[in-house]
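**Q** Structure incoming, see below.
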Amino acid sequence: MIMSNTHKARLERWVTGSTNRWRLPKQPFSGDLLSLSQMCKALSIDFEEALRNPGRLCISQIQKFFFENFKNKDIQSGEADVILCLGFKWELHQPQLFQSETLAKLYLKALAQGTTHPLRELEELLRAQSPKKTKEKSPAKRIIISLKINDPLVTKVAFATALKNLYMSEVEINLEDVLGVLASAHILQFSGLFQRCVDVMIARLKPSTMKKFCEAGCKYKEEQLTTGCEKWLEMNLVPLVGTQIHLHKIPQDLLHKVLKSPRLFTFSEFHLLKTMLLWVFLQLNYKIQAIPTYETVMTFFKSFPENCCFLDRDKGQSLRPLFLCLRLHGITKGKDLEVLQHINFFPESWLDQVTANHYHALENGGDMVHLKDLNTQAVRFGLLFNQENTTYSETIALYGFFFKIKGLKHDTTSYSFYMQRIKHTDLESPSAVYEHNPVSLRVARLVKYEIRAEALVDGKWQEFRTNQIKQKFGLTTSSCKSHTLKIQTVGIPIYVSFAFIFPAS
C-alpha cells in the first residue's frame, strides 16, 4: 500500500511511544470498505463456519487475498476495526490484522462470541464505516481482542515494531531489538516478519550476539537460524571468537558440533588446540573480564599436580568428547609437541599414541599409514584472505617436506588458491627450520589433498572446493604445484582451508 509522509511520521511516533494511546494511522481504502463476508465468498470459504472454528481457517488464503487487492491502495482516513488490549490499546485495521494468524483467529473468535448473528452484525459494522456515509455516519462498533504474552524477550518497543510492520513492509529492524521483534513475530505468527528477523540475524552475526541468536533458533525451532549460527562459528571459532572474551559464552554442545564439522576453519591444528584450552580456562575462571595471555593459560594448566592430568580429573572428564575431536596427530612441530607434554592436560595414553604415529611416519618417509579419511583425519592449515590482501602465503613443514600455501587476488572478485612444494634451501630462514624440523631427501612425495574456500555473501555462505586429489609432488617446476582452486566472489574475508594426508607410497 502507498503511504504518505504524514502517516510515516505518525507511525514513527507510535513505535517510539511518544503518544499515550497506541494508534496506528487510520486505514480505509478508496471506495467501499471490503466486507469480510464478501472476501470469504470470493475464496469459497463458509463465513459462519469460519467464525465457529477460526482455528481451522486457512489464514494464508486471506493474507494473499488482502495483499492482491490492497497492495496499491492509498492510506487515507478512517476508523480502526479492532482494538488490541495488551497493557496499552492498539488500534488495528482488518487487512493488516490478517497478516498475523494469531490476531486473525482472535478477531474471528471475538466476532463469533459477541453476537448471535455475526454475519448481519459484521455487515452493519462495515456499512457504518463506509466513507460514502460520512455525513450521517454513526460511531463504528469496534471489536476488542486481548493477547497474553509470557515471552521475556518481548519488549514494548519490539512489539510495537512488529505491529508497525503490519503497515509498512520495509521497517528497519535494529540489531539491539531484533530478538524481541523475532519473539513478537513468533507470537503473532507473522511469518514474513519472522523471516526478515532471521535474515538480519544471520547477516549480522558477531561474537557478542552468536550465543543469544543460536538459543533463539533452538527456542523457536528455526532451523535456518540455528544452522546459520553453526556455520558462522565453524568459520570464526579460531580466527575471531577465539580472540575475544565472548568465547566463554559458547555452550559445550554447540562447540562439540562445530568441532566435528569438516568445514571447521583453523590456521593449524595447534591454533585450534590453543583456542580450546582458552575456552576451558574461561569456563573455570568465569569471573575474568578480559582475554588472558597465552602464557597465563599455559601456566594455569601446568599448575595441576603431575600425578593426574586435567582430562582425568572430575572437572575434565566431561570435556573429553571435545578434545577427542581434535587432530593431535596434526601437531608436528617440535616446540608445539613440547607444549603438549608439559601442560599436563592430556592422558599419557593419548600422548604416547601421538608420539608413536610421528615416529612411524618419520621412519617411513612421511607416510601417514594410520590416516585414511580426508574429511575427519587430514592435517589442516588455513589462510584468511582479507580485503587488503593481493597475495598472501604461509610456509608449512610436515615430516621433512615443505610447502607454501598461497592465495592470489586477480581483480575485485577473482581469486585463486593453491599449494606448492619448495626446497628446504629456498626457505627464508633455513637455520630456524633445521632447529625444529627434520628435512626429507625424498625427491617425490605422494599427497592426498583438498582445497576449500568459503565466503559470506548477503547472509549465505558460498562454498568452493577442489575434488579430493592424489598427486605426486616433486621439486621441479612442472611437478611442484597443486591443482588451483579458482573462485569468483564478492565476499570478504575468504576462509581458505588446505587439508592433506601423506598416503603410503
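**Q** As a quick test, which of the pairs 406/448; 221/372; 105/231; 219/460; 148/287; 287/460 have an alpha carbon distance above 26 angstrom in this structure? Each step should come with its number before you reach the end.
**A** Numbers: 406/448 18 Å; 221/372 37 Å; 105/231 37 Å; 219/460 22 Å; 148/287 37 Å; 287/460 35 Å.
Going by Cα-Cα distance, 221/372; 105/231; 148/287; 287/460 fall outside the 26 Å limit.
**Q** Rounded to the nearest 10 Å², what accessible area does residue 199 show when all protein chains are kept and the probe is 1.4 Å?
**A** Near enough 70 Å² of accessible area.
**Q** Additional query: From largest accessible area down, sort 287, 274, 335; use a 1.4 Å probe on the protein chains. Before the final figure, lay out each step's value.
**A** Details: 287 155, 274 70, 335 110 Å².
In descending accessible area the options line up as 287, 335, 274.
**Q** Let me ask something else. Multiplying the sequence separation of residue 221 and residue 176 by 0.36 nm and subtracting their Cα-Cα distance, what value in nm do you get?
**A** Values: separation 45, 0.36 × 45 = 16.20 nm, distance 2.13 nm.
My answer for the length gained is 14.1 nm.
**Q** If you roll a 1.4 angstrom probe over the protein chains with everything in place, what fraction of the accessible area of segment 266-364 belongs to carbon and sulfur, to the nearest %? Numbers along the way, then the final one.
**A** Numbers: 2650 of 5130 Å².
Of the solvent-accessible surface of segment 266-364, carbon and sulfur hold 52 percent.
**Q** How about segment 273-338: which GluC sites (Glu not before Pro) there lie in a loop by DSSP and see at most 16 other Cβ atoms within 10 Å? Walk me through the numbers before you get to the answer.
**A** Details: sites: 295, 306, 338; in loops: 306.
Hits after loop and neighbour filter: 306.
**Q** Sort segment 363-453 into rounded, prolate or oblate with this rule: let a ≥ b ≥ c be the square roots of the eigenvalues of the Cα gyration tensor; rounded if a/c is under 1.5, and if a/c is not under 1.5, prolate when a/b is larger than b/c, oblate otherwise. Spell out each step's value before the answer.
**A** Details: a/c = 2.47, a/b = 1.39, b/c = 1.77.
Oblate is the answer for segment 363-453, as a/c is 1.5 or above yet b/c matches or exceeds a/b.
The values are calculated or read from the model by the stated rules, or taken from the named source; none is laboratory data. Computed from a predicted structure; not experimentally measured. Using ideal geometry, Cβ is built from the backbone for each residue, glycine included, and neighbour counts are taken over all protein chains shown. To get the accessible areas, we keep the full protein, side chains included, count just its heavy atoms, and leave off ligands, DNA and RNA. Shrake-Rupley method; radii C 1.70, N 1.55, O 1.52, S 1.80 Å.
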